[in-house]
1. Defining a contact as two alpha carbons under 8 Å apart and six or more residues distant in sequence, what relative contact order in percent does the chain show?
2. Within segment 293-360, list the chymotrypsin sites (Phe, Trp or Tyr not before Pro) lying in a DSSP loop whose Cβ has at most 14 other Cβ atoms in a 10 Å radius.
3. Given a 1.4 Å probe and every protein chain left where it sits, what share in percent of the accessible area of the chain is carbon and sulfur?
4. Obtain the nm distance between the two label points defined at Tyr197 and Thr293 by a simple spin-label model: each point lies 7 Å from its Cα along the Cα-to-C-beta direction.
5. Test of understanding: what is the full-extension gain from Asn208 to Asn52, defined as 0.36 nm times their sequence separation minus their Cα-Cα distance?
6. Where the convex hull is taken over the Cα atoms of the chain, what is its projected area averaged over directions, in nm²?
7. With Kirkwood's inverse mean 1/r over C-alpha pairs for Rh, give me the Rg to Rh ratio of segment 121-265, two decimals please.
8. Among Ile180, Asn212, Ser234, whose Cα lies farthest out toward the positive end of the dipole of the chain, if unit charges sit on the beta carbon of Lys, Arg (+1) and Asp, Glu (-1)?
Amino acid sequence: MRMLVALLLAVVLCVGALAAITIMNVNEWHVQATQPPVKKIAGRDRTSCCKNANIYTAVEDGLNVTYVVVSVPSSRFYTVFVPVLNVSGSGVSAKLFAESVSGSYAGQLNASITLGPNLQVVVSRGTITQQTGTPVTISGQTSFKLSVKIGSSVPVGAEVGRIYTWLYFNYSTAKARQKIVWIVKRLPGQSLHIWDYDSANRIVVRRNVNQNLGSGQSFKVSWFACVSNVTDPSNVGVVLQEVEVLYGSTYDWYSFYYFPSNPAQVWAGGVPVNVDPRQWHNYTIILTRSGNTLTAYFYIDGVLRNTVSSTRISVTVLGVQAGRYDVRNMYDLYIDNVAMRNVNGNIITEDFEDGVDNFFVDTYTSGGNTGKEVG
């Protein structure tokens with residue numbers, strides 16, 4: 001009997017802190033392992049355009065610690081992840097508590113963390129200005145929302161800071177907590193951010209070309225683009241890349257368009273292509289002229305997606321651009337790794353790594369809450 005009791009004790013020690021142990025009598029023990037009352041699951045908003053998030057767990061000092069690692073650009077605006085992390089439970093009351101902030105560039109860190117409908121933690125320039133919030137009852141699944149903004153003095157690719165928090169919850173008559181560490185980094189590269197947050201105004205980033213395209217000549221423009229946060233009730237679309245041309249006195253445009261009515265498609269010269277423009281893709285337009293025949297080639301990620309030919313006696317390439325002249329929508333647009341070969345074969349490139357946009361030097365904006373920045 002002593003041998004049996006010893007074996008049962010060994011089993012109890014192996015079960016862990018979340019086991020429910022019922023003593024039936026001195027000779028018979030039942031061990032009932034239960035699931036933790038609160039589970040954490042990675043959210044769906046983790047990678048798009050100029051942001052990404054990675055969620056993982058690690059065991060430290062006997063505790064399972066959840067790490068939420070996000071990378072964002074330097075910007076005057078907050079980058080929002082929602083949901084970045086989900087928690088599930090059955091009638092559990094929970095709240096987040098901020099313990100401390102650390103990091104070499106923590107003074108450049110601004111963040112807020114919301115659980116369900118309630119704001120929980122606020123960090124302003126590395127200082128915790130709100131340590132906790134109103135508890136939230138978790139019935140089913142509730143999500144964390146993380147909003148982050150970092151300063152421009154943080155080196156590219158560097159870790160900005162860490163926010164150490166505890167998720168406190170009540171389960172039955174017990175109180176428990178789980179550790180969550182939020183790590184913020186600056187993205188390893190810079191890109192051009194174009195924003196239009198004003199449905200009554202507009203912005204178009206542009207570079208004028210003004211070159212005649214003769215027979216036997218070609219023109220090529222290429223860049224990476226990604227669009228997000230589109231509000232477009234009239235479905236007027238966002239231009240990801242466009243070449244404007246002039247035939248005598250007639251204007252025409254060769255374009256890659258995004259329409260939110262088809263969120264997982266790009267329109268290449270009027271033809272829908274099944275790629276998600278909310279992720280980074282390389283867009284290329286090539287114009288060639290043979291006699292009076294003008295041909296436009298549309299490539300996405302190096303794959304030819306459409307070809308359009310027409311008869312044109314004279315062709316002038318006026319410029320390249322992105323954005324939208326129509327004033328009825330709002331969006332974020334990101335562009336990177338620009339390359340343009342003009343009709344004379346001269347190549348101009350821009351990767352924005354010097355923090356300056358030297359390519360779209362003929363940008364037009366009507367004002368309001370529109371603009372562009374490198375970050």
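The values are calculated or read from the model by the stated rules, or taken from the named source; none is laboratory data. Since the structure is predicted, the reported quantities are computational estimates derived from the model, not experimental observations. In this analysis, Cβ positions are derived from the backbone assuming ideal geometry, glycine residues included, and neighbour counts consider all displayed protein chains. What goes into the accessible areas is simple: the full protein's heavy atoms, side chains included, and nothing from ligands, DNA or RNA. Shrake-Rupley method; radii C 1.70, N 1.55, O 1.52, S 1.80 Å.
1. The normalised contact order for the chain reaches 17 percent.
2. Tyr325
3. Numbers: 8720 of 17470 Å².
The computed percentage sits at 50.
4. Going from the Tyr197 label point to the Thr293 one covers 5.0 nm.
5. 52.8 nm
6. 24.1 nm²
7. On the way: Rg = 24.1 Å, Rh = 21.1 Å.
A ratio of 1.14.
8. Of the listed residues, the answer is Ile180.
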